[in-house]
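Notes follow the structure.
The values are calculated or read from the model by the stated rules, or taken from the named source; none is laboratory data. Source: prediction; values computed, not measured. Cβ placement follows ideal geometry from the backbone for every residue including glycine, while neighbour counts extend to all protein chains displayed.
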Amino acid sequence: GFFDIMRLHGLAETHTDEARVSFVRVKYLFLTWLTVLVGSWVLYVQYSAYTELCRGHECRNAICDNYRKGIIDGSACSSLCDKDTLYMSRCLSTLPNNQVYTGSWGDHDGILGEEPEPRRESPRVRQAHQRHIVEKFREMVFNHLKSKLGEQANLAGLVGQILSVADGNKDGRVSLPEARSTWALLQMDEVLLGLLLQDRGHTPRLLGYCGDLYMTERVPYGPLYGLSLPWPLAGWVPSGVQRTVDQWFTPSWPRKAKISMGLLELVEDVFHGTYGSFLICDFAAAHFGYTDRHELRLTNARAVVPEAAFRRAMRARTCEADGDCVYGVDCHTSCDVAEKRCRGEPLRPNLAKACGTLKDYLLRGAPSGLREELERQLYACMALRGNAGQMNMEHSLILNNLKALLWRQISHTKDS
């Protein structure tokens, strides 16, 4: 009797253990299946997003097809399509109609950009006879620049520079396919503005082009400071913490001073620009980088807008309050409440916004004997108001004092 009872109890425990093992097995199978399902879905979403954003192979095929048909030509076409010496590498695109890749071309590392949206070609380029191409193209480029930059005394000189760029094979003349490619490039404001600022070394150098695909030199260090967090983390990190952490990931102070000098010189050049005044409407650190020699480069020329175009755009905008009169991120005007129209005059000049970007960057690690004076000048600079196009004495004085203060600190260092 007793042994029978124990045997039955043992059988019951065995069944219970088997049931427990069976339950655990089912649970793990379910969790494994769920993990595979979720993982597959994430991979599918990522792949779908990638294929939507990154279509470099399609773009290259379309460009090379047009090149082989004789429709377009440019300094990079042969390397891209015939010799296979120009390679697209990592995709950096954030918008499907703005293709961006790292790339290499011989000894050059660079950034490849293209906007593969169909652009309506000017009928005058398409119908021009070969011997009239240069004259027609010169006229078209002149009128295009005038519409973008307003009346400028030296537009003819700029047209000459662009015709030199258009002569991709350097045979002394601009062919119809080269004119088509250059015209497509000029429709992209970031390329046009990049060419305008390239003379002073403020933007990455244009290495070559084919159709509306172009390659610029790669700026090795960017953003100006801080870390680019992946998107899942970026939304969770408080902005104050992000700002503090950003300042840890910067070069030594003399090098920061040299980079900052480059930003102040950029501001000075676009104030008194050879081709008119420009506004920088997004001073985010992500839009600036620097070279191995700690020279500043504006890596996103879309942040820059001709002042004449800015004024036109703002005056055409209706408003209820000043908050409606914002262009980009950092360019503001006021609202004429009676007219319900935005005014055309920018409220803060480029210099005040540049000093706001540089404040934390320059004050962290600044030499103790300099810090108080530097802080005073930066705050005076940030308080500037008024139109950037009408540089008054105060603007010039603050700019020159800041540059002189920084230069005294770095002129004796090897980085200067």
* Structure fact -> Of the conditions (1) part of a loop (DSSP other than H, G, I, E, B); (2) under 28 Å from Lys146 (Cβ atoms), the single one that Glu339 does not satisfy is (2)
* In segment 75-102, which residue that is part of a loop (DSSP other than H, G, I, E, B) and touching a residue at least 24 places away in the same chain (Cβ under 8 Å) is surrounded by the fewest Cβ atoms within 10 Å (Cβ to Cβ)? -> Thr94
* Can you find even one residue in segment 369-384 that is out of contact with any Ser or Thr (no Cβ under 8 Å at 6 or more places or on another chain), at pLDDT below 95, surrounded by fewer than 15 Cβ atoms within 10 Å (Cβ to Cβ) and under 24 Å from Ser277 (Cα atoms)? -> yes
* Asked: Just checking, how many residues over segment 244-302 are among the small types (Gly, Ala, Ser) and on the phi > 0 side of the Ramachandran plot?
  -> 1
